[in-house]
Every structure is written in C-alpha cells, then in structure tokens.
Amino acid sequence: MKKRNEKFKFFAEHFWKLMKDQGGCCALTGRKLTPDNTEVELKQPYKEIGRTEFDNHYLVIRSVAAMARYASESEIIDTAIEIVKHRGKERGISLRMKQ
C-alpha cells in the first residue's frame with residue numbers, strides 16, 4: 001500500500017501509456033506529439049490530494065507546457081478564447097458561441 005505522502009515516479013512506460021491513451025496528440029491543442037516536443041504536466045497543478053498520482057498527469061506540446069504548470073485546463077481554455085477574441089481578426093478568425 002502506498003504511503004499518503006509518497007511521490008509518484010514517472011517512467012517511460014507511463015509516457016507511452018499516456019501517448020496511447022491520448023492518441024499521440026497533445027491534451028490541450030490536439031497537435032501530434034513526439035518524444036522530442038512533449039512535456040508531462042499535471043492536469044490540476046494546485047490539487048492538494050492526489051496531486052502526483054498518475055491520473056493527474058497528461059502530455060502536452062512543449063509550447064504550452066509552461067502555461068500548464070501554473071494554470072488549470074479550464075483557465076488555459078478561457079485564456080485561449082480571450083486571445084482569439086482579442087487578436088483573431090488579424091488572422092480572419094472569429095468565435096461563434098453556442099447558445
């Protein structure tokens with residue numbers, strides 16, 4: 001039985017399991033992952049209980065990894081929406097919200 005304060009140790013087998021579970025794609029962007037462009041991050045970085053458990057980990061593309069370290073998935077998505085609303089017109093992009 002695992003001690004409550006014991007740290008989870010992430011090994012290559014865990015990386016490949018997440019790659020398979022995520023279909024080889026970034027959990028946040030959907031971009032194709034490779035061992036060279038991938039980081040392992042916590043889904044809920046500020047979770048107190050079970051923070052280091054395997055099910056609180058996911059694979060993300062390196063370009064969003066720093067954000068994933070400090071923000072929840074929900075916060076990242078909300079920020080992405082704000083960016084598109086603010087700068088999307090420059091690229092001909094707009095959002096249509098379901099009602």
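Any read-out appearing in this document is the output of simple, stated calculations on the displayed coordinates, not a laboratory observation. Predicted, not measured: the structure shown is a model, and the values here were computed from it. All Cβ positions, glycine included, derive from the backbone under ideal geometry; neighbour counts span all protein chains shown.
General remarks:
- Calculated [222 nm] ellipticity per residue, helices only, for the chain: -10500 deg cm²/dmol; basis is -39500 (n - 2.57) per DSSP H run with n ≥ 4, divided by all residues, nearest 500.
- Gain on full stretching of the segment that runs from M97 to Y70 - 0.36 nm per residue minus C-alpha separation: 7.1 nm
- Simple spin-label estimate for T79 and K43 in nanometres, 7 Å along Cα-Cβ: 2.0 nm
- Fluctuation leader among V84, V64, V40 - the chain, Gaussian network, Cα springs under 10 angstrom: V84
- Between Q22 and E53, the simple label model (points 7 Å from Cα in the Cβ direction) yields a spacing of 2.0 nm.
- Note on the chain: Rg/Rh from Cα positions, Kirkwood definition for Rh, rounded to two decimals, is 1.05.
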